[in-house]
1. Residues B:Arg48, B:Arg20: which one is basic (Lys, Arg) and either near DNA strand C (Cβ under 9 Å from one of its atoms) or in contact with a helix residue (DSSP H, G or I) (Cβ under 6 Å, 6 or more places away or on another chain) (or both)?
2. Please go through region B:23-41 and give me each residue that is within 16 Å of B:Arg56 (Cα to Cα), aliphatic (A, V, I, L, M) and within 11 Å of DNA strand C (Cβ to nearest atom), ordered by number.
3. Tally time: how many residues in region A:57-84 are more than 7 Å from chain B (Cβ to nearest Cβ) and in contact with a Ser or Thr (Cβ under 9 Å, 6 or more places away or on another chain)?
4. Let me confirm something: among A:Gln17, A:Gln92, A:Gln67, which residue is within 13 Å of DNA strand D (Cβ to nearest atom) and assigned by TED's automatic domain parsing to the domain that holds A:Gly124?
5. What is the residue count in region A:20-32 for residues that are surrounded by fewer than 12 Cβ atoms within 10 Å (Cβ to Cβ) and within 9 Å of DNA strand D (Cβ to nearest atom)?
6. So which of A:Leu62, A:Leu107 is surrounded by 18 or more Cβ atoms within 10 Å (Cβ to Cβ) and within 16 Å of DNA strand C (Cβ to nearest atom)?
7. Any residue that is over 18 Å from A:Arg111 (Cβ atoms) and in contact (Cβ under 8 Å) with a residue 24 or more places away in the chain - is there at least one of those in region B:70-89?
8. When you go through B:Ser34, B:Ser18, B:Ser74, B:Ser61 one by one, which is the residue that is in contact with a Leu (Cβ under 8 Å, 6 or more places away or on another chain) and hydroxyl-bearing (Ser, Thr, Tyr)?
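The values are calculated or read from the model by the stated rules, or taken from the named source; none is laboratory data. Just so it is clear, the model here is predicted, and its values are computed rather than measured. Don't worry about glycine lacking a Cβ; one is built from the backbone with ideal geometry, like all the others, and counts go over all protein chains shown.
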2 protein chains.
Amino acid sequence: MIIKIGELAKISDCSVQSIRHYEKEQLLSAKIRSDGNFRLYDQADIERLLFIKHCRSLDLSLGEIRQLLSLNDSPMSQCDDVNQMIEQHIEQVERRIAELTLLNKQLKALRRSCTSKRTVEHCGILKQLNKAVSQNN
Amino acid sequence: MIIKIGELAKISDCSVQSIRHYEKEQLLSAKIRSDGNFRLYDQADIERLLFIKHCRSLDLSLGEIRQLLSLNDSPMSQCDDVNQMIEQHIEQVERRIAELTLLNKQLKALRRSCTSKRTVEHCGILKQLNKAVSQNN
DNA sequence: TATTGACTCTATAGTTACTATAGACTTTAA
DNA sequence: TTAAAGTCTATAGTAACTATAGAGTCAATA
């Protein structure tokens with residue numbers, strides 16, 4: 001089965017531009033073109049793109065995915081490389097969660113400081129933001 | 001006290017380029033320039049920049065901060081506008097936390113699937129990533 | 001067969017919040 | 001006076017796309 005980019009986009013739920021972007025980033029290439037220079041894809045390409053999408057859904061960067069794909073393409077390399085990348089990625093995600101959790105607390109404290117229909121002149125939130133500012137100083 | 005951009009950068013722990021960037025984005029402007037066209041700042045500018053930095057530490061976007069500043073500059077507007085923005089921002093942060101928490105679970109499941117020194121040919125992680133792909137299909 | 005509409009092509013600009021650089025000018029201290 | 005440090009504007013780069021323009025291709029209808 002040979003398909004053009006539009007159909008690949010539908011099958012993979014991925015925009016046409018994203019697919020072309022992945023090609024530019026060397027993650028996926030249409031090995032052949034039609035007479036009129038249209039990209040043509042086969043089953044293996046579909047699977048490769050779904051692999052990419054799955055990795056993206058795990059927030060892996062295109063660079064990381066490129067590494068995984070090349071490891072996948074050369075089966076003699078060490079599994080540990082994959083492990084290490086995933087490990088680092090987990091750490092990064094956990095750091096970000098911790099940051100956002102703290103942020104969430106601060107925002108909620110801020111929200112509590114103003115709840116009524118007052119003019120900004122007396123808005124607790126703005127007062128808090130300004131107070132924190134002068135404390136910093 | 002009148003200072004130049006370098007000193008403002010030091011006081012506020014903000015890069016010189018960031019300050020110029022905030023000016024371009026109309027968050028902060030040097031009202032006066034020296035004879036040699038250097039930006040000159042006063043105490044009010046320092047406070048305004050610290051306010052901006054505090055908002056940035058809460059992950060508010062420059063657009064949101066611009067709104068807050070203009071509300072702050074026109075004290076007759078409604079406090080509710082501020083509330084609403086903070087509310088939306090909290091929701092956004094909480095959505096992102098939920099996403100990342102799910103992501104973290106998936107990554108840890110993935111990690112469990114390969115732990116030994118095998119070649120990639122038998123790497124559980126890559127197998128898992130590929131499996132998920134074919135399931136999607 | 002000609003034409004229309006849908007699809008595809010490349011190349012470029014925009015998004016966000018900056019950082020980094022180049023090349024020129026200004027200020028300050030020795 | 002001169003050298004170093006600071007500043008100026010303008011531009012390009014970051015990540016992972018999205019959006020657009022202008023031109024070419026393909027399939028089906030009139």
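1. On the way: B:Arg48 fails: either near DNA strand C (Cβ under 9 Å from one of its atoms) or in contact with a helix residue (DSSP H, G or I) (Cβ under 6 Å, 6 or more places away or on another chain) (or both).
That would be B:Arg20, the only listed residue that is basic (Lys, Arg) and either near DNA strand C (Cβ under 9 Å from one of its atoms) or in contact with a helix residue (DSSP H, G or I) (Cβ under 6 Å, 6 or more places away or on another chain) (or both).
2. If the condition is that a residue be within 16 Å of B:Arg56 (Cα to Cα), aliphatic (A, V, I, L, M) and within 11 Å of DNA strand C (Cβ to nearest atom), then B:Leu27 is the only one that fits.
3. Adding up the residues that qualify gives 1.
4. Numbers: A:Gln17 fails: assigned by TED's automatic domain parsing to the domain that holds A:Gly124; A:Gln67 fails: assigned by TED's automatic domain parsing to the domain that holds A:Gly124.
Going through A:Gln17, A:Gln92, A:Gln67 in turn, the sole match is A:Gln92.
5. The total comes to 1.
6. Just a single option satisfies the conditions, and that option is A:Leu107.
7. No: zero hits.
8. Details: B:Ser18 fails: in contact with a Leu (Cβ under 8 Å, 6 or more places away or on another chain); B:Ser74 fails: in contact with a Leu (Cβ under 8 Å, 6 or more places away or on another chain); B:Ser61 fails: in contact with a Leu (Cβ under 8 Å, 6 or more places away or on another chain).
Of the residues listed, the single one that is in contact with a Leu (Cβ under 8 Å, 6 or more places away or on another chain) and hydroxyl-bearing (Ser, Thr, Tyr) is B:Ser34.
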